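Everything below concerns the one structure shown next.
The values are calculated or read from the model by the stated rules, or taken from the named source; none is laboratory data. Quick caveat, the model's predicted, so the values are computed rather than measured. All Cβ positions, glycine included, derive from the backbone under ideal geometry; neighbour counts span all protein chains shown. When the accessible area is computed, the model is the full protein with side chains, heavy atoms only, and any ligands, DNA or RNA have been set aside. Shrake-Rupley method; radii C 1.70, N 1.55, O 1.52, S 1.80 Å.
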Amino acid sequence: MIERNRATEHKAGCTAIGVFGGAFDPVHFGHLRAALELAFTFDLEKVLLVPNGQPPHRPRAFVNAGHRVAMLQLALRQSTELFLDSRELDRAGPSYTYDTLASLREEYGAATPIIFGLGADAFEHIAKWHRADELLQLAHIAVLSRPGSEIIARSACGPPFESAWSDEAEPLRQQASGKLYSLDMTPLAISSTRIRAQIAKGWSPRFLLPQTVCEYIEAHQLYRSSL
Ligand code: ATP
Ligand code: MG
């Protein structure tokens with residue numbers, strides 16, 4: 001895929017990269033702004049947006065991977081910092097973040113800081129993820145604020161997370177992995193669930209996601225019966 005090659009062609013000597021996964025079912029301004037504020041906070045060269053194949057902890061996506069990728073590609077045309085990375089779709093079986101970060105670590109080498117961003121709602125369940133204890137060996141984790149979800153108390157995270165918090169952004173650029181950071185992003189109370197529900201009752205998703213994505217959804221009549 002062209003976008004993927006573009007994203008990975010300068011791996012050697014890369015300063016720091018971001019990774020932001022999701023179903024993107026559909027992609028919306030909450031995702032896009034989160035990925036962009038991740039880039040701005042850590043002065044990242046790029047943020048890779050990684051659509052899930054079959055995530056282990058949630059039901060199958062409402063529309064197929066082809067549509068989700070097409071919508072992401074349209075959205076990413078409006079940004080020079082964000083890139084599609086389709087590695088989870090190329091892999092058979094469940095999409096584990098551990099495997100995604102391990103393959104990125106292999107590609108970018110031991111020294112490049114990799115910052116995995118996720119919303120507070122997703123972070124709440126991280127202890128149950130596959131090989132959760134080893135995630136910080138592969139990357140840093142930035143937890144982004146999300147309206148309606150509290151970032152769980154540091155002391156309630158359990159090892160190895162509770163002792164990994166950094167109040168400053170700079171340590172995440174100085175070492176390759178191992179830190180947790182709480183990122184207070186512009187609050188955007190947008191969710192794909194709500195967008196799907198609104199489309200199903202005949203409402204346009206305009207102003208919740210890029211106009212090009214809105215037109216794609218209309219052209220392909222997506223999410224009309226997603227309730
Ligand atoms: P759904 O309602 O289908 O779960 P969603 O809007 O939560 O969709 P996901 O694809 O599940 O989107 O989320 C991907 C990542 O983006 C997760 O880490 C999630 O926490 C984060 N995220 C999604 N929307 C926002 C938002 N509005 N603000 C901050 N983070 C968000
Ligand atoms: Mg979600």
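The figures follow:
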{"read-out": "Most positive-pole-ward Cα, Pro160, Ser86, Leu180, against dipole of the chain from beta carbon charges", "value": "Ser86"}
{"read-out": "Cα→Cβ-extended label distance, 7 Å offset, between Asp184 and Trp203, nm", "value": "3.0"}
{"read-out": "Size of charge dipole - the chain - debye, nearest 20, with Cβ of Lys, Arg +1 and Asp, Glu -1, no other charges", "value": "800"}
{"read-out": "Spacing of the two label points (7 Å from each Cα toward its C-beta) at Ala156 and Asn64, in nm", "value": "4.2"}
{"read-out": "Reciprocal mean inverse distance between Cα atoms of region 97-175 - Kirkwood radius, Å", "value": "13.3"}
{"read-out": "Point-to-point label distance, Ala127-Gln211, nm (Cα→Cβ direction, 7 Å offset)", "value": "4.7"}
{"read-out": "Where Rh is the Kirkwood radius over Cα pairs, Rg/Rh for region 5-187", "value": "0.92"}
{"read-out": "Cα centre as origin, Lys/Arg/Asp/Glu Cβ charges: region 167-227 dipole, Debye", "value": "420"}
{"read-out": "Region 117-154-region 197-227 distance, computed between alpha-carbon centres (Å)", "value": "29"}
{"read-out": "Among Gly119, Gly18, Gly202: highest mean-square fluctuation, GNM of the chain, C-alpha pairs under 10 Å", "value": "Gly202"}
{"read-out": "Those aspartates and glutamates that a straight Cα-Cα span of less than 19 Å connects to Lys46, excepting residues fewer than 8 apart in one chain", "value": "Glu3, Glu9, Glu37, Glu81, Asp85, Glu88, Glu106, Glu107, Glu170"}
{"read-out": "Rounded to 5, percent antiparallel among DSSP beta bridges of region 5-187", "value": "5"}
{"read-out": "Per residue accessible area of region 5-187, 1.4 Å probe, in Å²", "value": "44"}
{"read-out": "Surface accessible to a 1.4 Å probe, Phe20 within the full protein complex, Å²", "value": "20"}
{"read-out": "Dipole magnitude (debye, nearest 20) for region 51-160, charges at Cβ of Lys, Arg, Asp, Glu", "value": "280"}
{"read-out": "Charge-dipole axis of the chain as Lys and Arg at +1 and Asp and Glu at -1 on Cβ define it, positive-most pick from Ser191, Leu38, Phe62", "value": "Phe62"}
